[in-house]
1. Mind listing whichever residues of the range 111-139 are assigned to a loop (DSSP other than H, G, I, E, B) and within 14 Å of Ile8 (Cβ to Cβ)?
2. Please determine whether any residue of the range 89-109 is part of a helix (DSSP H, G or I), among the hydroxyl-bearing types (Ser, Thr, Tyr) and either without any contact (Cβ under 8 Å) to a residue 12 or more places away in the chain or surrounded by fewer than 14 Cβ atoms within 10 Å (Cβ to Cβ) (or both).
3. Just one of Ala59, Ala25 is in contact with a Pro (Cβ under 8 Å, 6 or more places away or on another chain) and assigned to a helix (DSSP H, G or I); which is it?
4. Could you list, in sequence order, the residues of the range 44-63 that are hydrophobic (A, V, I, L, M, F, W, C), crowded, with 20+ Cβ neighbours inside 10 Å and under 10 Å from Ser92 (Cα atoms)?
5. Taking the range 67-84 as the search range and keeping residues that are of a type in the set (Gly, Ala, Ser) and touching a residue at least 12 places away in the same chain (Cβ under 8 Å), which one is surrounded by the fewest Cβ atoms within 10 Å (Cβ to Cβ)?
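Quick note: the coordinates plus some simple rules give every number you see, no bench work behind them. Quick caveat: nothing in here was measured; it's all calculated off a predicted structure. A quick note on method: Cβ atoms are made from the backbone with ideal geometry, for glycine too, and the neighbour counts reach across all protein chains shown.
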Amino acid sequence: MADSSFDIVSKFDRQEVDNALGQTAKEIATRYDFKGTGATIEWKGEEAIEITASADDRATAVLDVFQGKLIKRGVSLKVLDASEPRPSGQTSKIGIALKEGISTEDAKKISKLIRDEGPKGVKAQIQGDELRVSSKKRDDLQAVQALVKEQDYDFAVQFTNYR
């Protein structure tokens, strides 16, 4: 019988992030506490978002609203890499980078965890920015998924390509 396998990846659904951004923009345009603060949230390129407001606390409040929208849409907050509010003339700005992919050293950590604590006969291979896990037994793969979910990594983890 052929090996069963799955991939461990770190990705986000761009459409869901875009929808959360749109909802946040609509909410800050209508909420009373954001009136007159010049608060905006918008895309800066493909993988970055920028929040602008008249004060640091207003910019941080917009970030909180955005994070709430992401949570409701099922997007992990670990894909966000938000900077501290920085003054920019009369306004305050927060830059948010969106992280995707598993770095080589993180993949090595996961691979070592699977080797040390996972069931015997499970193999993990690093393939670019993802990790392929394979085994003869599907039950072993499910045990590995549970093991990886328990860990608290600083990046979002999803399982794809389960076969």
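1. Taking the range 111-139 first, the residues assigned to a loop (DSSP other than H, G, I, E, B) are 118-122, 128-129, 136-137.
Residues satisfying the conditions are Gly118, Val122, Gly128, Asp129.
2. Step one: list which residues in the range 89-109 are part of a helix (DSSP H, G or I), which gives 104-109.
Next cut, among the hydroxyl-bearing types (Ser, Thr, Tyr) only: 104.
So of that shortlist, the ones also either without any contact (Cβ under 8 Å) to a residue 12 or more places away in the chain or surrounded by fewer than 14 Cβ atoms within 10 Å (Cβ to Cβ) (or both) come out as 104.
Yes: the range 89-109 contains one or more residues that are part of a helix (DSSP H, G or I), among the hydroxyl-bearing types (Ser, Thr, Tyr) and either without any contact (Cβ under 8 Å) to a residue 12 or more places away in the chain or surrounded by fewer than 14 Cβ atoms within 10 Å (Cβ to Cβ) (or both).
3. Numbers: Ala25 fails: in contact with a Pro (Cβ under 8 Å, 6 or more places away or on another chain).
Answer to the selection: Ala59.
4. Ile51, Ala53, Ala59
5. First, pick out the residues of the range 67-84 that are of a type in the set (Gly, Ala, Ser): 68, 74, 76, 82-83.
Still in the running and touching a residue at least 12 places away in the same chain (Cβ under 8 Å): 74, 76, 82-83.
Working: Gly74: 8, Ser76: 14, Ala82: 16, Ser83: 12.
Out of the qualifying residues, it is Gly74.
Every residue, every condition in (1) touching a strand residue (DSSP E or B) at 6+ places or on another chain (Cβ under 9 Å); (2) without any contact (Cβ under 8 Å) to a residue 60 or more places away in the chain, yes or no:
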| position | (1), (2) |
| --- | --- |
| Lys11 | yes, no |
| Tyr32 | no, yes |
| Thr40 | yes, yes |
| Glu46 | yes, yes |
